[in-house]
Amino acid sequence: MSNFDARTSDMLALLKRLVETESPSHNKAAVDRVGALVAEECRRLGAQVEIHPQTETGNQVEARFSRPWLLCPDPQRPGTGGHTSQKESGAYGILLLAHMDTVFPLGTLEKMPFYEKDGKVFGPGVSDMKGGIVVALTALAAALETGSLAHPVTALFTSDEEIGSGTSRALIEKLAAESALVLVLGPGMVDGSVKTWRKGVGEFTVRVRGRAAHAGGDHEKGRNAIEEMAHQVLAIQKLTDYNKGTTLNVGVIRGGIASNVVPDEASLEVDLRVMQPGEAERISAALQALKPVLDGTSLEVTGGLNRPPMPFNGVKVIAANANIELKASGTGSASDANFVALLGIPVLDGLGPAGGEYHSEREFIFRDSLPERAKLLAAILREW
Ligand SMILES: [Zn+2]
């Protein structure tokens, strides 16, 4: 399968087109432009494409690829009939998952252009996850050219992964439930290993109320909500326990209206990541139990865990079934793979090109990883 090296320049050209079509999650029109591009590529490969329209986020793009001999049934071909009954049972095909949105606002390209240097490729979304989209499309093209998709393949390109997958989750779950294996084209680890588990992720908001007063005339009558919030920030950060893989990050604070007014309101937003069972509940309880430190202030805590932890189950078996030797590792970030894992469907993530520093201006992939990953994925599509 050395022909994959020959595909590298095509892969880079497609990646450049995708990256230079910026697609921040909150800009529907922008994400839809990538959706149109992806849909066009899928149709070119002979897929049946269905667009799932959305009002708030970009449209979801679903592309179904059949084995060529299913399109032109060949009664002589052994195994065809046997597969039919499995297909009717539902859990039969492979689902490829990739998202088209990025965390980068429009205009990021001006200071962070698409470019190659020293065997690396840089640009917004090059790793997360436009490189993965290119790997999926290239692997499908390669497998279809040789007429050897082992199973029907559905590829779902979603529009809102970076903002919690609110408008795609139901579709992801529906398609995953119809599949025997789900492969997520998320950013590959820097050493090329595949992600076999994910942390759970939660989000909490803490609102603090105090009492407003003029900072000059009535200072002592005020109850400073920001001062109270400062105590809470420290208490929340201290709940982090690296040994358990539990982290809390106060990432946003808000409060006050003017320096000469004692603020009566402040709020903070916390990101929670957990790895071990029970930790989500423990931290949730600890946050709910937060008590105000200053007299005359009050707290209100809302939020919870929005992605369940991914179980380890059966990942090595999947790799063996795919006849591929894979190095497995974990990661701190969450993805749509968690939804799939919760349904008990075998899932692998991190099948996108190896790279790193995603969500930052240094986001990159290794150039050579593009054909390597396409080769790996094509082998899974052929042999699994
Ligand atoms: Zn991301």
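Which shape class applies to region 336-379: rounded if a/c is under 1.5, otherwise prolate when a/b exceeds b/c and oblate if not, where a ≥ b ≥ c are the square roots of the Cα gyration tensor eigenvalues? Walk me through the numbers on the way to the answer.
On the way: a/c = 5.50, a/b = 1.38, b/c = 3.98.
Since a/c reaches 1.5 but b/c is at least a/b, the shape of region 336-379 is classed as oblate.
Exposure check, 1.4 Å probe, all protein chains in place: His219 carries approximately 120 Å² of accessible surface. For the residue pairs Lys120/Lys244; Lys16/Lys120; Lys327/Lys375; Lys16/Lys327; Lys28/Lys375, alpha carbon separations beyond 22 Å are given by Lys120/Lys244; Lys16/Lys327; Lys28/Lys375. A Förster distance of 22 Å, applied to the separation of the beta-carbon atoms of Glu361 and Lys117, puts the FRET efficiency at 0.95.
The alpha-carbon atoms of region 200-307, seen along their principal axes, cover 52, 21, 20 angstrom, with the largest extent given first. Between Asp5 and Glu173, what FRET efficiency follows from the Cβ-Cβ distance if R0 is 41 Å, with the result rounded to 0.05? Efficiency, from the Cβ-Cβ distance: 0.65. Taking 0.36 nm per residue of sequence separation and removing the Cα-Cα distance, the Gln276/Arg44 pair yields an extension gain of 79.1 nm.
Go through 367-376, 28-37 and give me the packing order, highest mean Cβ count within 10 Å leading. List each step's numbers first, then the result.
Numbers: 367-376: 22.5, 28-37: 20.1.
Per-residue Cβ counts within 10 Å, averaged per peptide and sorted highest first, yield 367-376, 28-37.
Report the Cα centroid-to-centroid distance between region 137-188 and region 1-24 in angstrom, as an integer. Between the Cα centres of region 137-188 and region 1-24 lies a distance of 18 Å.
Modelled spin labels at Arg64 and Thr240, positioned 7 Å past Cα toward Cβ, are 4.7 nm from each other. Sequence neighbours fewer than 8 away in the same chain don't count; with that in mind, list the aspartates and glutamates whose C-alpha is under 12 Å from Lys111. By straight Cα distance, Lys111 reaches Glu361.
Based on the Cβ-Cβ distance of Arg17 and Glu145, what FRET efficiency does E = 1/(1 + (r/R0)^6) give at R0 = 25 Å, to the nearest 0.05? Provide the component values of the computation, followed by the final result.
Values: r = 21 Å, r/R0 = 0.84.
Computed FRET efficiency for Arg17 and Glu145 comes out at 0.75.
The values are calculated or read from the model by the stated rules, or taken from the named source; none is laboratory data. Because the structure is predicted, anything quoted here is derived from the model rather than measured. So basically every Cβ, Gly included, is an ideal-geometry build from the backbone, and we count neighbours across all protein chains shown. For the accessible areas, the whole protein counts, side chains as well, though only heavy atoms, and no ligand, DNA or RNA atoms are used. Shrake-Rupley method; radii C 1.70, N 1.55, O 1.52, S 1.80 Å.
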